[in-house]
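Just dropping this structure here.
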Amino acid sequence: MVQGCSGGDGQPDSRILVDNVSGDGQLPSGMMRHQPRDPNAPARVDRMPVMIEDPSQIAKTRERYQKKIDQLYQQAMKQVNEGGYLFGEHLRAVEARPQKAKEDLVALMVDPSVLAKTRLKAAEVLMRLNIDRGWAFHLQCLTDPNVELRLAALKSLAAYQIRPEQLQGEQAKLVVNLLDDKDPRVVVAAAELCQKSNVTGSEVKLRQLLKSGQAKDPAKLAACLAGVATTKESVDALLPYVLKKTVDGYQWGSVYNLEGLLKNPDPEISEPVRQAIYTYTLKFPEEKYDQTLVRDLTQIAGSQSKDLLLDIQKNATDPASQLYATEALARLDPDNAVDILLSQLAKGKFASDLIGEMANYATPDDCTKITGQLLAMKSPWDSRVVLLCYEKLGSQGKQFIEQHADRLDPHAQEVAYWKSQNLDLRTALNDFYAAGILTKTPDEILALMKQPKRNQTTASEIDFNDPGELLGALGWAEIVTMFDSETGMIPSNHDELLADWGAATGGKWKPECPVQNWLQESSEDFNAPYIVEFLSEDRLYRVGAENYGDWYDVEAVLRLANFSLKKMGKPEQFIPLESDGQFMMLVFADPAKFVPLAKKYRMPLSEDAAQGMKKGKDFEQRVLEQID
């Protein structure tokens, strides 16, 4: 809907291109109207791939690639000098010049005359390149007399998202010690890193600082302590400094840092937090129907909130606020929860959420009234309907799904089949491994899936009866790539898309020198199509790609990739899966082996490579219609 614009040389253009304008149609300075090409319009380039063995053309492609890498490398180093963010294409350019990158980055990192943020950004990129000097420099800076280096090091480590196991022992002490730093900016940055990475020893130190009354910014330290607190003493220390009313009204994220404490099984920890949030929400009576406030209120609502919740359910105009209030009322009255939820379901909004909540209360005795309401729905049923009927409504619920299988969306059909056939994840992985699709063993994949998530110490749970877990498992097996069909930019860099796909093939397909030629007739020609090409095994593969604004021409690029694989004599292909929206997923596997198993386990396949763009555009159109 809104697209940034890059110039033909890859440098950012200051203009923003807008394809839909409401109201009087006037656009602010710096914006211009641009209507992307209709996907149904005739193609202006040949979208059927070709293979070329002409050495001169192959040499030209190598030259264009080297020029592209040179430009991207310069952009990457400019970002490093500014302490900015490096996108994937910038990191690939740095990786393509490993020796030069190491020399340039180390030179910046050790140069005391450059800004601290530049030196630490250089060290961070070295870490991304697995060069140990980057990590060592971060640790060195944590004790440096230069306050700017200490501050930049903390911010860099937080941005790099250090895992808890990377900051242990003496290294953890380096961070915790900075909570006593004389510079309040360093103290806050250290606290934020402690929260993000759950640094050992930080809870006790943050609590001591708050109780001392000497903290320069107690509100920020209290918010960080909330993220690592495990004791009543810590809760008592932080609550006086959080949830302060401001002139800006109720703000999104006001209770975000406290949400983990609400889940603590110890009531001495969770209940004071619950009461504090409830008291805080009541300070904004003029915003009582606001979606953000209602969401936070309903997380902690008790019996004293029932009248307020009924008011919100009845009078709020926002369907999301009505949903939150309804779910809370159901929790407060579990004996009547199904009826409460069904009454809201009849309004036709947030059906999936309401059905998922209903599964917490439904019994086989509720089967008739629930299925009756389901039949009245106009939209396809998702997997939550299947789980509700199979797991909560007994034999009648199972029979209902079997009789109305045509009402299920593709993923729900997959879930229903797994349920009816008693399939499970381990059996599926064994089959895929036996077929030679997986190189990792089922046990190796499951071990990866069970790894604790960031900032968690316990193993991740796996639902072996959920077919959705199979796709995640194939991702851990490194044969699935997922991407957004919408780039948000013009031009859409199809060459970078090829590089991303190649990274999900376990090294079996490596497109060399991927480049894109934007066939602009002038610098104002934002509608021009593309030529996309790459090299492999001393052959050039090329295809024309249409310009759909900030949407990839996935169909053309997929043809190119699969065409090249056939020409190379490889059995694998990129196989599209059915998409729920504009995000697409491709499985890299031999279709002769994968497709039969995909059918056995009801993995929804797709023959439409443009489905992500179509579904994304449909969603955007519905949003625009609601705005109008």
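Would you be able to tell me the number of residues in segment 82-108 that are assigned to a loop (DSSP other than H, G, I, E, B) and out of contact with any helix residue (DSSP H, G or I) (no Cβ under 8 Å at 6 or more places or on another chain)?
First pass over segment 82-108, keeping only residues assigned to a loop (DSSP other than H, G, I, E, B): 82-87, 97.
Going one step further and asking which of them are out of contact with any helix residue (DSSP H, G or I) (no Cβ under 8 Å at 6 or more places or on another chain), we end up with 87.
Going through segment 82-108 one residue at a time, the tally reaches 1.
Here's another thing I want to ask about it. Keeping to segment 314-328, report how many residues are in contact with a Phe, Trp or Tyr (Cβ under 9 Å, 6 or more places away or on another chain) and more than 11 Å from THR298 (Cα to Cα).
Total satisfying the criteria: 6.
Continuing with this model, one more query. If we keep just the residues of segment 403-412 that are within 34 Å of the chain's Cα centre (by Cα) and farther than 17 Å from ASP466 by Cα, which is surrounded by the most Cβ atoms within 10 Å (Cβ to Cβ)?
Applying the first criterion (within 34 Å of the chain's Cα centre (by Cα)) to segment 403-412 yields 404-412.
Checking which are farther than 17 Å from ASP466 by Cα leaves us with 404-407.
Details: HIS404: 15, ALA405: 15, ASP406: 8, ARG407: 17.
So the residue we want is ARG407.
So if I check each of LYS617, LYS599, which one is more than 20 Å from VAL532 (Cβ to Cβ), in the same structural domain as GLU486 (by the TED database) and modelled with pLDDT under 90?
Numbers: LYS599 fails: modelled with pLDDT under 90.
LYS617 is the lone residue from the list that is more than 20 Å from VAL532 (Cβ to Cβ), in the same structural domain as GLU486 (by the TED database) and modelled with pLDDT under 90.
Here's something else I'd like to know. Does any residue in segment 577-597 that is touching a residue at least 12 places away in the same chain (Cβ under 8 Å) come within less than 8 Å, Cβ to Cβ, of a residue that is polar (S, T, N, Q) and in a strand (DSSP E or B) six or more places away or on a different chain, and which pairs are these?
As it stands, the answer is MET585/THR481; LEU586/THR481; PHE588/THR481; PHE588/GLN573; ALA589/GLN573; ASP590/GLN573; PRO591/GLN573, since those pairs meet every condition given.
Yes/no per residue for (1) touching a Phe, Trp or Tyr at 6+ places or on another chain (Cβ under 6 Å); (2) at pLDDT 95 or above:
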{"position": "ASP111", "(1), (2)": "no, yes"}
{"position": "MET127", "(1), (2)": "yes, no"}
{"position": "GLY134", "(1), (2)": "no, no"}
{"position": "LEU142", "(1), (2)": "no, yes"}
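Further, regarding this structure: When segment 480-519 is examined, which residues are found to be among the β-branched types (Val, Ile, Thr) and at pLDDT below 95?
If the condition is that a residue be among the β-branched types (Val, Ile, Thr) and at pLDDT below 95, then VAL480, THR481, THR487, ILE490, THR505 are the ones that fit.
Could you tell me which numbered condition LYS283 fails, if it satisfies all but one of (1) under 22 Å from GLN313 (Cβ atoms); (2) part of a helix (DSSP H, G or I)?
Checking LYS283 against (1) under 22 Å from GLN313 (Cβ atoms); (2) part of a helix (DSSP H, G or I), the one that fails is (2).
Are there any pairs, at least 6 apart or on different chains, whose C-beta atoms fall under 7 Å, with the first in segment 98-113 and closer than 17 Å to ASN146 by Cα and outside the structural domain of TYR73 (by the TED database) and the second polar (S, T, N, Q) and modelled with pLDDT of 95 or more, and if so, which?
Matching pairs, first to second residue: LEU108/THR118.
Just give me the residues in segment 523-537 being part of a strand (DSSP E or B) and not β-branched (Val, Ile, Thr), in sequence order.
Selection gives TYR530, GLU533, PHE534, LEU535, SER536.
Another question, if that's okay. Within segment 307-322, count every residue that is assigned to a helix (DSSP H, G or I) and touching a helix residue (DSSP H, G or I) at 6+ places or on another chain (Cβ under 6 Å). Spell out the reasoning first.
Keep residues of segment 307-322 that are assigned to a helix (DSSP H, G or I), which gives 307-315, 319-322.
Subsequent filtering for residues that are touching a helix residue (DSSP H, G or I) at 6+ places or on another chain (Cβ under 6 Å) retains 309, 312-313, 320-322.
Selection size over segment 307-322: 6.
Among the residues of segment 465-522, write down those that are more than 22 Å from GLU572 (Cβ to Cβ), among the charged types (D, E, K, R) and in contact with a Gly (Cβ under 7 Å, 6 or more places away or on another chain).
Result: GLU486, single match.
Step by step: first the residues of segment 383-393, then only those that are open to solvent by less than 40 Å² (accessible area, probe 1.4 Å) and touching a Ser or Thr at 6+ places or on another chain (Cβ under 8 Å), then the one that is farthest from PRO334 (Cα to Cα). Which residue is that?
CYS389
Okay, residues lined up against (1) buried (at least 19 other Cβ atoms within 10 Å of the Cβ); (2) modelled with pLDDT of 95 or more:
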site: ALA320; (1), (2): no, no
site: ASP339; (1), (2): no, yes
site: ALA346; (1), (2): no, no
site: ASP366; (1), (2): yes, yes
site: THR371; (1), (2): yes, yes
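Conditions: (1) free of Cβ contacts under 8 Å to residues at least 40 places away in the same chain; (2) under 31 Å from the mean Cα position of the chain (by Cα). LYS245 meets all but one. Number of the miss?
So the condition that LYS245 fails would be (2).
Turning to a different aspect of this structure: Go through (1) farther than 20 Å from LYS244 by Cα; (2) buried (at least 17 other Cβ atoms within 10 Å of the Cβ) one by one and return the number of the condition ILE300 breaks.
Of the numbered conditions (1) farther than 20 Å from LYS244 by Cα; (2) buried (at least 17 other Cβ atoms within 10 Å of the Cβ), the odd one out for ILE300 is (1).
Looking only at helices (runs of 4 or more DSSP H) that lie completely in segment 109-171, which have at least 2 residues being over 30 Å from the mean Cα position of the chain (by Cα)?
Qualifying helices (runs of 4 or more DSSP H): 132-141, 147-159.
Say whether the condition of being of a type in the set (Val, Ile, Thr), outside the structural domain of MET585 (by the TED database) and closer than 29 Å to LEU354 by Cα is met by at least one residue in segment 420-442.
Within segment 420-442, not a single residue is of a type in the set (Val, Ile, Thr), outside the structural domain of MET585 (by the TED database) and closer than 29 Å to LEU354 by Cα.
A follow-up question, please. Determine if segment 227-234 includes at least one residue that is modelled with pLDDT under 95, surrounded by fewer than 15 Cβ atoms within 10 Å (Cβ to Cβ) and not β-branched (Val, Ile, Thr).
no
Let me ask you something else. Among the candidates GLN74, GLN79, single out the residue that is open to solvent by 60 Å² or more (accessible area, probe 1.4 Å), part of a helix (DSSP H, G or I) and in the same structural domain as LYS614 (by the TED database).
GLN74
While we're here: Against the definition (over 26 Å from the mean Cα position of the chain (by Cα) and basic (Lys, Arg)), how does ARG92 come out, yes or no?
Answer is no for this residue.
Among the residues that make up segment 540-550, is at least one of them farther than 29 Å from LEU471 by Cα, outside the structural domain of LEU470 (by the TED database) and touching a Ser or Thr at 6+ places or on another chain (Cβ under 6 Å)?
yes
Scan segment 287-304 and tell me whether some residue there is over 26 Å from the mean Cα position of the chain (by Cα), of a type in the set (S, T, N, Q) and under 16 Å from LEU332 (Cα atoms).
The answer is yes; a qualifying residue exists.
Next question, about the same structure. Give the residue, chosen from ARG119, ARG128, that is open to solvent by 50 Å² or more (accessible area, probe 1.4 Å), closer than 17 Å to ASN81 by Cβ, in contact with a Leu (Cβ under 7 Å, 6 or more places away or on another chain) and not aliphatic (A, V, I, L, M).
ARG128
Also, I was wondering about something else. Please state which one of MET568, MET613, MET585 is closer than 25 Å to LEU438 by Cβ, aliphatic (A, V, I, L, M) and touching a Pro at 6+ places or on another chain (Cβ under 9 Å).
MET585
Quick check on segment 452-474: of everything there that is open to solvent by 50 Å² or more (accessible area, probe 1.4 Å) and modelled with pLDDT of 85 or more, which residue is farthest from LYS419 (Cα to Cα)?
GLU461
The values are calculated or read from the model by the stated rules, or taken from the named source; none is laboratory data. Only a predicted model underlies this, so the values are computations on that prediction, with no experimental measurement involved. Cβ sites come from the backbone with ideal geometry, for glycine too, and all protein chains shown count toward neighbours. Ligands, DNA and RNA are stripped out before the accessible areas are found, and what is left, the full protein with its side chains, is counted by its heavy atoms. Shrake-Rupley method; radii C 1.70, N 1.55, O 1.52, S 1.80 Å.
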